[in-house]
1. Would you mention how many residues in segment 72-88 are within 16 Å of the ligand (Cβ to nearest atom) and either over 14 Å from the mean Cα position of the chain (by Cα) or in contact (Cβ under 8 Å) with a residue 40 or more places away in the chain (or both)?
2. Mind checking which residues of segment 200-224 are more than 16 Å from N151 (Cβ to Cβ) and within 8 Å of the ligand (Cβ to nearest atom)?
3. Considering each residue of segment 144-159, count those that are assigned to a loop (DSSP other than H, G, I, E, B) and touching a Cys at 6+ places or on another chain (Cβ under 6 Å), and give that number.
4. Do you know which of the residues in segment 110-123 that are of a type in the set (G, A, S) and within 13 Å of the chain's Cα centre (by Cα) is farthest from the ligand (Cβ to nearest atom)?
5. S141 is checked against (1) of a type in the set (S, T, N, Q); (2) assigned to a helix (DSSP H, G or I); (3) within 16 Å of the ligand (Cβ to nearest atom) and fails just one. What number does that condition carry?
6. I need the full set of residues from segment 242-266 which are exposed (fewer than 12 other Cβ atoms within 10 Å of the Cβ), of a type outside the set (S, T, Y) and either out of contact with any helix residue (DSSP H, G or I) (no Cβ under 6 Å at 6 or more places or on another chain) or in the same structural domain as I39 (by TED's automatic domain parsing) (or both), in order please.
7. Can you tell me which residue within segment 1-41, out of those that are under 22 Å from D149 (Cα atoms) and either in a loop (DSSP other than H, G, I, E, B) or modelled with pLDDT under 90 (or both), is farthest from the chain's Cα centre (by Cα)?
8. Pick out the one residue from A134, A126, A130, A56 that is more than 16 Å from the ligand (Cβ to nearest atom), touching a residue at least 12 places away in the same chain (Cβ under 8 Å), within 20 Å of D198 (Cα to Cα) and outside any loop (DSSP other than H, G, I, E, B).
Amino acid sequence: MFSWFKSQKTLPLVQESSYLEDFTDATDIYHYFTNLTGINFDQKESITTPKIIRFARGHGCISFYDLMEKLRVNSSIRESLINLLTVNETYFFREKGQLDFLLHHYKNTSKSLRILCAPGSTGEEAYSIAIILAEGGFSLSSIGIVSIDINTEAISRASAGVYTARALHRLPETLKERYFVMEGNQYRVCDSIKKVVDFRSCNIFEAEFLELGSFDVLFSRNMLIYFDQSTVEKAVHQLTKLAATNQSIFFFGHADLLITPAPLQDHFEHGIKYYTLQQ
Ligand SMILES: C[S@@+](CC[C@H](N)C(=O)[O-])C[C@H]1O[C@@H](n2cnc3c(N)ncnc32)[C@H](O)[C@@H]1O
């Protein structure tokens with residue numbers, strides 16, 4: 001009698017919680033996220049879905065449907081999910097051959113240079129470009145770099161400009177001493193380099209991206225690898241709209257472009273591939 005009474009009391013609770021939660025099919029969440037950012041999770045759903053479930057529970061959601069409703073109306077939840085699911089891996093002097101080539105390409109120019117990093121993640125790429133150009137004798141007042149990223153936490157870290165030794169592992173000691181100030185065991189980018197870069201949170205597929213102005217040099221490295229082919233083409237199309245002239249040059253990461261999309265023409269000089277608009 002007692003055991004019957006006990007099971008009657010506990011059963012509804014168990015039934016209630018398993019009835020309430022439904023995290024079985026994340027398809028709509030993935031579609032929504034890919035439409036928003038371009039990022040495709042085809043091969044990585046098994047590691048990404050548990051992250052999304054933890055995120056949903058942390059925001060008081062009991063199902064993917066519930067999370068979807070919140071994402072549609074709440075921009076701060078949207079921003080947090082983007083910050084969670086974007087991969088921001090970067091470091092100083094990544095693919096440095098392109099930066100040396102940039103210096104070589106513009107060594108005789110007397111005009112100022114406007115440079116875009118889209119995406120720039122936590123800032124290492126934009127600061128590396130400024131350091132390479134400064135080292136090459138460019139006046140910092142003739143350089144303007146805009147570095148954008150969809151991840152707002154990455155942009156905050158970029159603006160702070162404080163890095164661990166790991167991010168600087170490719171930099172020689174002389175450059176660390178010249179362009180950084182030690183803060184405990186971290187490195188803060190010096191003000192003269194910081195002043196050159198304007199960091200903004202921005203999605204390359206949004207209208208605000210097209211309002212960033214026009215650029216002589218456009219870096220878009222290690223983002224297109226997360227997109228499918230038609231989204232790569234859309235992204236490249238967006239980037240080409242920001243070229244200042246037909247002479248503007250584009251750099252991509254070595255695995256970003258499998259084929260050269262139509263508005264671009266590739267060039268190969270001194271072992272470096274770069275692109276211009278078709279001439
Ligand atoms: C791996 S990082 C590359 C950073 C740097 N360019 C490099 O090569 O080291 C890729 C960055 O792309 C950003 N990203 C992804 N989709 C984006 C979008 N639609 N608009 C702007 N940034 C995006 C991510 O937030 C991430 O910081």
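The values are calculated or read from the model by the stated rules, or taken from the named source; none is laboratory data. On a predicted model such as this, the values are computed, not experimentally measured, just so you know. Every residue, glycine among them, receives a Cβ derived from its backbone with ideal geometry; neighbour counts consider all protein chains shown.
1. Final tally of qualifying residues: 11.
2. Scanning segment 200-224 gives a single hit, F219.
3. Total meeting the criteria: 0.
4. Among them, the one singled out is G123.
5. With (1) of a type in the set (S, T, N, Q); (2) assigned to a helix (DSSP H, G or I); (3) within 16 Å of the ligand (Cβ to nearest atom) applied to S141, the lone miss is (3).
6. Listed by number, the residues that qualify are N246, Q247, L258, I259, A262.
7. My answer is F41.
8. Going through A134, A126, A130, A56 in turn, just one is more than 16 Å from the ligand (Cβ to nearest atom), touching a residue at least 12 places away in the same chain (Cβ under 8 Å), within 20 Å of D198 (Cα to Cα) and outside any loop (DSSP other than H, G, I, E, B): A134.
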